[in-house]
Amino acid sequence: DFKANTGVRLVMTNLLQSLSDGGEIQHGALSDETRTVTADTKALMIGVSRKDIVNDDLGVLSDIPRKLGYAAARTFNTDFWTAFEAAVAANFSASSPQLNQTTGALTITTLGAAEALYLAMTDADGNPIGGELTTLLCGTTAYTPAREIFASTLVTNGTGGKTPSANIYVNRFEPAFSRYLSAAPWYLVSNPMAMPLMVAAFLNGR
């Protein structure tokens, strides 16, 4: 079973405008942002023999639905993060019109560079992006330094001593981890209510 549809989201591009002396409200503009969302049905069949039913002393049959549910969750995660990394590769590269990425392992310095890139982002009209950064999304390599940055009140310099400066990112960006991500990259993510990182579609809401 396969179903694809094209969704259109209306995007308001202008800020609110001052009323004219006569009280007339200025006209704004709506633009169409089109995206293609594809829902694909996946399934798995488990064969059960009469002998399995008769000899079900260990509760194997009752465990099958739980195992299928767990397989469904793992399948969704595999598909989701594969699509995510494909989108990153396609849109965050050296050839991107707006190169909003920084390179290097996760440190206070590279985190500051990433935050500065986000703060400089603008919408289609050149206005600042309104959403706030909330999450530091990591694979396995960056997850430990992400938690250290989040929890540490002091910054450690290269010789192992403590600098007199406080960690300005303590409790700032909540670390989030996915085993399905590649190990090294890390991502600063905004509040999904303002700017969703990804959108998932479910066939018939399931």
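Quick notes on this one:
- Remark: VAL189 matches the filter, which requires a residue to be under 17 Å from the mean Cα position of the chain (by Cα) and at pLDDT 85 or above.
- Residue within region 7-14 that is exposed (fewer than 10 other Cβ atoms within 10 Å of the Cβ), at pLDDT below 65 and not in a loop (DSSP other than H, G, I, E, B) present: yes
- Criterion applied to GLY139, GLY69, GLY112 was being within 17 Å of SER190 (Cα to Cα) and either open to solvent by less than 60 Å² (accessible area, probe 1.4 Å) or not hydroxyl-bearing (Ser, Thr, Tyr) (or both), and the one residue passing it is GLY112.
- Hits in region 115-131 (condition: surrounded by 12 or more Cβ atoms within 10 Å (Cβ to Cβ) and either modelled with pLDDT of 90 or more or of a type in the set (D, E, K, R) (or both)): GLU115, ASP123
- Residue in region 135-143 that is at pLDDT below 90 and within 30 Å of ARG74 (Cβ to Cβ) present: no
- Unique residue being at pLDDT 75 or above, part of a loop (DSSP other than H, G, I, E, B) and small (Gly, Ala, Ser) when the list is ALA105, ALA94: ALA105
- Residue match in region 152-165 (condition: over 25 Å from PHE80 (Cβ atoms), in a helix (DSSP H, G or I) and modelled with pLDDT under 90): no
The values are calculated or read from the model by the stated rules, or taken from the named source; none is laboratory data. Fair warning: this is a prediction, and the values are worked out from it, not measured in the lab. Using ideal geometry, Cβ is built from the backbone for each residue, glycine included, and neighbour counts are taken over all protein chains shown. Remember, those area values only see protein heavy atoms, side chains included, never the ligands or the DNA or RNA. Shrake-Rupley method; radii C 1.70, N 1.55, O 1.52, S 1.80 Å.
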